[in-house]
């Protein structure tokens, strides 16, 4: 696994009140930017998840959650 990035923003609390690692916030931020057409963010994320299995797992979880939210919005 790659070391945690030093440029990540401060960690945030999850719904359970537990502190998330700072790199998770950065990965989610990159996902949002990439989904909205930011090529630099997509490239950065691509490089990161290509070399870090844990980051790839989190990325896939975030993508799955986004897909579920989009599907739920279509139903409503």
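The values are calculated or read from the model by the stated rules, or taken from the named source; none is laboratory data. Every value quoted in this text rests on a predicted model; they were computed, and no experiment measured them. Quick reminder, even Gly has a Cβ in these numbers, built from the backbone with ideal geometry, and neighbours come from all protein chains shown.
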Residue within segment 66-76 that is within 11 Å of the chain's Cα centre (by Cα) and at pLDDT below 95 present: yes
Where a residue in segment 29-46 is at pLDDT 95 or above and its partner, wherever it lies, is loosely packed, with under 13 Cβ neighbours inside 10 Å and not in a helix (DSSP H, G or I), with Cβ under 9 Å and at least six apart: 29/9
